[in-house]
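The values are calculated or read from the model by the stated rules, or taken from the named source; none is laboratory data. Please read these numbers as outputs of a predicted model, since none were measured by experiment. In this analysis, Cβ positions are derived from the backbone assuming ideal geometry, glycine residues included, and neighbour counts consider all displayed protein chains. Surface areas here come from the heavy atoms of the whole protein model, side chains and all, with no ligands, DNA or RNA. Shrake-Rupley method; radii C 1.70, N 1.55, O 1.52, S 1.80 Å.
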Amino acid sequence: MKVLMSGNEAVARGAFEAGVRFAAAYPGTPSTEILEEFSKYEGVYAQWSTNEKVAVEVAIGAALAGEKAMAVMKHVGVNVAADPIFTVSYTGTNGALVIISADDPSLHSSQNEQDNRNYAKFAKIPMLEPADASEAPKYIKLAFELSEKFDTPVFLRLTTRVSHSKSVVTLEEPAKYNDKTGFIYDAEKYVMVPINARTRRLEVENRQKALKEFVETFAENKMEIGNPEIGIITAGMPYNYAKEVFPDYSYLKLGMVYPLPEKMIRDFASRVKKIYVIEEMDPFLEEQIKAMGIQVIGKEIFPFTNEFDPGVIRNAIEKNSPEAVSPYKESLASRPPNLCPGCPHRGLFYALKKEKAYVHGDIGCYTLSYMKPLEGLHSCICMGASIGMAHGMSKALKEKGKGKVVGVIGDSTFLHSGITPLLDMAYNNSDALIIILDNSTTAMTGMQEHPGTGYTLMKKEAKKVNLKDLITSLGIDNIKIIDPIDQKATRSAIKEELAKDGPSVIIAQRPCALFKRSNIKPKPALKVDQDKCEGCKACLELNCPPISWKSGVTKEGSKRKGIAVIDETLCNGCGLCEQVCKFGAIS
Ligand SMILES: Cc1ncc(C[n+]2csc(CCOP(=O)(O)OP(=O)(O)O)c2C)c(N)n1
């Protein structure tokens, strides 16, 4: 049967067809749907881990027990997981281990644009890269086969466009699950103390050699000889773009982007006159091919940044210029993101702004509060960084920072990588205030469960971590729990905790406005009383989507030049604007 599937759905399907029954992940766009889809297949075990490092370690454990296991994450997740990844490359995997990295050229929803093909070379781990969803099932199967054959972890790299676009996928009969689980003692292979690691280090080089030979005949490295004047070496989604605009050129499409098939590349180079290497982001293939002594044209004319599209490729080759940009770029109106109506984060940041604090942010929906008019946070680096940064700044500013330095972090992010820096704060006696925005879910990536929600990915009830107890156990004495929509309570909690010496934590607790399991039911939409509104625009400072401004509505004896209006179809009735209006005009 043929079905239309996204790349992520196709990877999940392919893994299931390959007999994979074990997977762990931490959500992150563009990778998230892989585990969500995989978890729906019968007989599988799939879990959200607290972070990507844990996900990889869980998958390594399963692989050492003989399973075919996969760990899934977005590109920056590989940074978090890098420590175990670099060493499991030495130990090998016993069962099989595939690590999926979903990269995000153009930073559609990421804090950076790193090219994770570099990790393959850096960690000496082979990497496969499908060009679209239709190739994805075959590629994940091949990744597991390679892992078993060479006793190595294997990377499968996707990009946003492969993960999220749909292609026709041919479904195959799932392989029967073959239970090979058990544990074989082999300390020399699995205990990476220096004496053993030195031996394994040599094994890695032997494996590299074997892989380099294997890759010369790997069927997914495909040569298509057309017009011999121009040859294109490419991989992944850019192959489709190039094919669309230059169907007649000759192609070497690489299914394995590391290690490279040197003989095959030399053979291709001997058959064409001029070679372009077409790849998004880094000159990863280009540099390696140039190091073989083969002349190619690459980043002289293709951009280093952003996703390509057929227009980028056509422009670059026809205009022979790195200035070349896509002719399609200008057509979409920009739509800046905003917090949803009823979002609890809005209340917290509205109150926090009044303190004129130095706020270190983190990654989640709340990051959106940095924009005007809330201007709620003033830095954001990576998941978990807010706490360490607040602590560092507070120590550096000393007296100048007293009552000023704040870190804000979501509940999922806190559990991902906020616990250790908070322990550091307690241990080193910080004066910073940390605010945990506990909306009972991982909202930004689409409402995934985490240890604070009380449910697992597979919809089983789970132990729910008690944040207050956890934070107390780290050595923090000043802890307050507030509802961030309640402005009076929120403002006084922030004021009080900022004034204290030593570390403080406020847990701002209210479920996400879109959260289905919430016990807070949406209330009727609020309305503006036209007679009472003085047109002061205080409610507009909330940047709440339903609130807008209607000019030209004047009132006798008043400075009013217009009034606030609430779109009832958007308002969720949270009541924040009601508290902000000094004239009692909103109810
Ligand atoms: C290392 C890493 N992994 C995953 C992500 C993707 N991601 C961005 S924010 C976020 C979590 C947001 O949840 P939470 O902290 O609860 O805040 P909320 O969005 O619910 O306000 C995730 C998983 C990322 N940016 N970096």
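Rounded to the nearest whole Å³, what is the per residue volume of the convex hull around the Cα atoms of the stretch 521-587?
Taking only Cα atoms, the stretch 521-587 has a hull volume of 75 Å³ per residue.
From the square roots a ≥ b ≥ c of the eigenvalues of the alpha-carbon gyration tensor of the stretch 9-92, which class results: rounded (a/c under 1.5), prolate (a/b over b/c), or oblate?
Here the stretch 9-92 falls in the oblate category.
What residues have an amide H closer than 5 Å to that of N478, excluding those fewer than 5 places away on the same chain, when H is modeled at 1.01 Å from N in the peptide plane?
Placed amide hydrogens put V505 under 5 Å from N478.
Could you check how much of the accessible area of the stretch 375-506 is carbon and sulfur, as a whole percent, using a 1.4 Å probe?
Using a 1.4 Å probe with all protein chains present, the stretch 375-506 comes out at 55 percent carbon and sulfur.
Output the relative contact order of the stretch 1-87, whole-number percent, from Cα pairs under 8 angstrom with separation of 6+ residues.
33
Give the longest segment of the chain that steers clear of GluC sites (Glu not before Pro) in DSSP loops with at most 11 neighbouring Cβ atoms within 10 Å, not counting the sites themselves.
Between the exposed loop sites, the longest stretch runs 43-322.
Using a Förster radius of 51 Å, what is the FRET efficiency between T217 and S334 based on their Cβ-Cβ separation? Nearest 0.05, please.
0.60
Read phi for every residue in the stretch 104-110 and hand back ³J(HN,Hα) as whole Hz from Karplus 6.51 cos²θ - 1.76 cosθ + 1.60, θ = phi - 60°, with x for Gly and Pro.
Listing the rounded values in order: 10, x, 5, 6, 4, 8, 9 Hz.
Per-residue accessible area for Y177 at 1.4 Å probe radius, Å² rounded to 10?
My reading of the accessible area for Y177 is about 90 Å².
Starting from the amide H of M447, placed 1.01 Å from N in the peptide plane, find each other amide H under 5 Å away whose residue is 5 or more places distant or on another chain.
It is T442, by chain and number.
Report the one residue of F16, G255, N338 whose Cα lies farthest in the direction of the positive end of the charge dipole of the chain (charges on C-beta: Lys and Arg +1, Asp and Glu -1; origin at the Cα centre).
N338
Where in the stretch 381-490 are there trypsin sites (Lys or Arg not before Pro) that are in a DSSP coil and have at most 10 other Cβ atoms within 10 angstrom of their Cβ?
K459, K460, K463
List the relative contact order of the stretch 2-215 as a percent without decimals, with contacts defined as Cα pairs under 8 Å and 6+ residues apart.
Relative contact order, the stretch 2-215: 27 percent.
Within the stretch 222-317, what whole-number % of the accessible surface is contributed by carbon and sulfur, with the 1.4 Å probe and all protein chains included in the calculation?
Solvent-exposed carbon and sulfur of the stretch 222-317 make up 50 percent of the total.
With the other protein chains left in place, how much accessible area per residue, in square angstrom, belongs to the chain at a 1.4 angstrom probe?
Value for the chain: 44 Å² per residue.
Quickly estimate the mean residue ellipticity at 222 nm for the chain, helices only: each DSSP H run with n ≥ 4 gives -39500 (n - 2.57), and the total goes over all residues, rounded to 500.
One gets -10000 deg cm²/dmol as the mean residue ellipticity at 222 nm.
Got a number for the accessible area of H164? Probe 1.4 Å, square angstrom, nearest 10.
H164 has an accessible surface of roughly 80 Å² with all protein chains in place.
Report in % the part of the accessible area of the stretch 521-587 that belongs to carbon and sulfur, leaving out ligands and nucleic acids; probe 1.4 Å.
Roughly 51 percent, rounded to a whole number.
Counting only the heavy atoms of the protein chains, how much of D103 is accessible to a 1.4 Å probe, in Å² to the nearest 10?
Rounded to the nearest 10, the figure is 0 Å².
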